[in-house]
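The values are calculated or read from the model by the stated rules, or taken from the named source; none is laboratory data. On a predicted model such as this, the values are computed, not experimentally measured, just so you know. Here the Cβ is made from the backbone with ideal geometry for all residues, glycine too, and neighbour counts use every protein chain on show.
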Amino acid sequence: MRPLKFLIVALLSANLLLATSTDVNAQNQTPMPPNLIVVMADDLGYADVGFNGCVDIPTPHIDSIANSGVKFTNAYVSYSVCGPSRAGFITGRYSQRFGFERNPQYLPSDPNMGLPLGETTIAEALGKTGYRCGVVGKWHLGAHQNHHPLNRGFHEFYGHLGGGHRYLPKDLTFEDSAAASNEYESYRTLILNDRTPIKTTKYLTDEFSDAGVRFIESNKAQPFFLFLSYNAPHLPLQATPKYLNRFNNIKNPKRKTYAAMVSAVDDGVGQLLATLKKHNLEQNTLIFFLSDNGGPTTKNASQNNPLRGKKSDVWEGGFRVPFAARWPAKLPKGSVYHAPVSSLDIFATIASLSGAKIDEQRPLDGVNLVPYVRGEIKTPPHQAIYLRKFDQQRYAIRSGDYKQVIPFEGGKSQLYNLKNDIGETKNLALQEPDTLAKLEALRKTWSAELIDPVFQGLIHLPSFQKKQARNKSEKTGQEK
Ligand code: CA
């Protein structure tokens, strides 16, 4: 190398080091990968955050993630109910590939009732690169010992193993979560601190917010991954006067309690952000905020407008969710990203940033979103976004502006242009058969890669079916 060229390269390198000094560990001068925080709300409606236009429930802290980072307007989860959506997120893969396609039953005695052990979790992958990984809140990926978060790559756990939970400490009376054998009991178990049941004293959302803060404070010296998995605002609708009193203007009692529950989550996000600021961790922490599925509007008074449908549907209201990301060191502030993205992209993004190794036999379905959001890659991240619901044989395939929908078993394919018709009101199947044929080809190719579900689900419980028939699920909190 000639001296002048060498000098230029040296100067550029020095400049690069300076520019990325926030990412550099002072001791060894190696780039520090970002910390990762994923805040997942449960059954939160698309329209129930300020950054998506909500007016009756202020969510200033959640909004600040979008406002100081990126708001995604076409973001999907990989399933329209809790368990499979979470199985997708935590593996970075469509859970239909490995048979997790139903909400699991709460069965601590059944080693097959949960996330198959052959799959790799985001915590397992990150742990191998030196991240400290913690999950706070709802697990819902299996109640058997084999599926416990501490056996699936997480170093710390503070939460409950089932699909939902009661919120008031007085309701948590079932001491041994391993002895609980149904949903009713699982909603009432003591909270587990790692594997130890403990008596909590606060409103559950506040407990989880505090635990999230504790996790950051005790792990701030190293790269960490916090999965803050609120069960709010999932049923049962329960809130404390502190939050209810903020919404005396809302007359519908169900909406009022729901608003209070969302407000508690927002306070928790505020606590997290303040903790990052206090410890000078803001710059190099990547935060995602999302809901695990669309709002079950009639059950918890959530709202998905202008989207059609609700939780469990293949309409947009089932699986297009509020989604925002913030990483001050790298992501443009206050930007809006419109191309379709997926909750499966979170694993792929952090894997790319951290250098985590991916099992070649189990390739990720997501992509690293960073170069897309920064405008370095102009093409859309995904050829298509897919959803299959095996038990009802429902499908949704989103590609570009178009979406194919098979709304029920044996139903004819429908076609919508979501750019012009976000509410899925005008079926274009007859007008645009060529477009529909392209989507159908994608659907067939993807479907051929899937397997049938590997365990019976909540929907197979006689008690659940009976309750569904009576339409009393909101009182029992058993619908996920
Ligand atoms: Ca959910």
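Of the residues 195, 188, the single one that is basic (Lys, Arg) and free of Cβ contacts under 8 Å to residues at least 24 places away in the same chain is 188. Taking residues in the range 155-175 that are over 12 Å from residue 198 (Cβ atoms), and partners anywhere that are assigned to a strand (DSSP E or B) and of a type in the set (D, E, K, R), the pairs with Cβ atoms closer than 8 Å and at least 6 places apart or on different chains are 155/132; 156/132; 162/138; 163/138; 164/138; 165/138. Identify the residue in the range 349-369 that is touching a strand residue (DSSP E or B) at 6+ places or on another chain (Cβ under 9 Å) and among the aliphatic types (A, V, I, L, M) and, among all such residues, is farthest from residue 95 (Cα to Cα). Of everything passing the filter in the range 349-369, 353 is farthest from residue 95 (Cα to Cα).
Give me the residue from the range 57-85 that is within 16 Å of the ligand (Cβ to nearest atom) and part of a loop (DSSP other than H, G, I, E, B) and, out of that set, nearest to residue 162 (Cα to Cα).
Pass one, the range 57-85, residues within 16 Å of the ligand (Cβ to nearest atom): 75-85.
Narrowing further to those that are part of a loop (DSSP other than H, G, I, E, B): 77-81.
Values: 77: 20, 78: 20, 79: 18, 80: 18, 81: 14 Å.
Looking at residues that are within 16 Å of the ligand (Cβ to nearest atom) and part of a loop (DSSP other than H, G, I, E, B), I get 81.
Residue count for the range 121-137, restricted to those that are touching a Gly at 6+ places or on another chain (Cβ under 8 Å), crowded, with 23+ Cβ neighbours inside 10 Å and part of a loop (DSSP other than H, G, I, E, B): 1.
Take the conditions (1) free of Cβ contacts under 8 Å to residues at least 40 places away in the same chain; (2) among the small types (Gly, Ala, Ser); (3) buried (at least 21 other Cβ atoms within 10 Å of the Cβ); residue 352 misses just one of them, which is (3). Filtering 365, 391 for residues that are closer than 30 Å to residue 458 by Cα, part of a loop (DSSP other than H, G, I, E, B) and modelled with pLDDT of 95 or more leaves a single hit, 365. Highlighted here are the strands (runs of 3 or more DSSP E) found entirely within the range 138-222 that include at least 3 residues which are over 24 Å from the mean Cα position of the chain (by Cα): 196-198.
Reported count of residues in the range 291-311, each being within 15 Å of the ligand (Cβ to nearest atom), assigned to a loop (DSSP other than H, G, I, E, B), polar (S, T, N, Q) and over 15 Å from the mean Cα position of the chain (by Cα), is 2.
For the range 413-451, a tally of residues being in contact (Cβ under 8 Å) with a residue 40 or more places away in the chain, of a type outside the set (D, E, K, R) and assigned to a helix (DSSP H, G or I) returns 4.
Based on this model, can you work out whether residue 103 counts as more than 27 Å from residue 214 (Cβ to Cβ), within 16 Å of the ligand (Cβ to nearest atom) and either not β-branched (Val, Ile, Thr) or not assigned by TED's automatic domain parsing to the domain that holds residue 350 (or both)? In short, yes. If you check residue 301 against the conditions, is it in contact (Cβ under 8 Å) with a residue 40 or more places away in the chain, among the small types (Gly, Ala, Ser) and surrounded by fewer than 24 Cβ atoms within 10 Å (Cβ to Cβ)? Considered against the rule, which asks whether it is in contact (Cβ under 8 Å) with a residue 40 or more places away in the chain, among the small types (Gly, Ala, Ser) and surrounded by fewer than 24 Cβ atoms within 10 Å (Cβ to Cβ), residue 301 comes out as yes.
Of these, 153, 142, 137, 159, which one is in contact with a Cys (Cβ under 8 Å, 6 or more places away or on another chain) and under 21 Å from residue 292 (Cα atoms)? Of the residues listed, the single one that is in contact with a Cys (Cβ under 8 Å, 6 or more places away or on another chain) and under 21 Å from residue 292 (Cα atoms) is 153.
Scanning the range 267-298 for residues that are surrounded by fewer than 23 Cβ atoms within 10 Å (Cβ to Cβ) and over 30 Å from residue 220 (Cβ atoms) gives 297, 298. When the range 36-56 is limited to residues that are in a loop (DSSP other than H, G, I, E, B) and without any contact (Cβ under 8 Å) to a residue 24 or more places away in the chain, the one that is nearest to residue 328 (Cα to Cα) turns out to be 53.
Looking only at the range 143-161, decide whether some residue is within 16 Å of the ligand (Cβ to nearest atom), among the hydrophobic types (A, V, I, L, M, F, W, C), within 21 Å of residue 300 (Cα to Cα) and touching a Phe, Trp or Tyr at 6+ places or on another chain (Cβ under 8 Å). Taking every residue of the range 143-161 in turn, none turns out to be within 16 Å of the ligand (Cβ to nearest atom), among the hydrophobic types (A, V, I, L, M, F, W, C), within 21 Å of residue 300 (Cα to Cα) and touching a Phe, Trp or Tyr at 6+ places or on another chain (Cβ under 8 Å).
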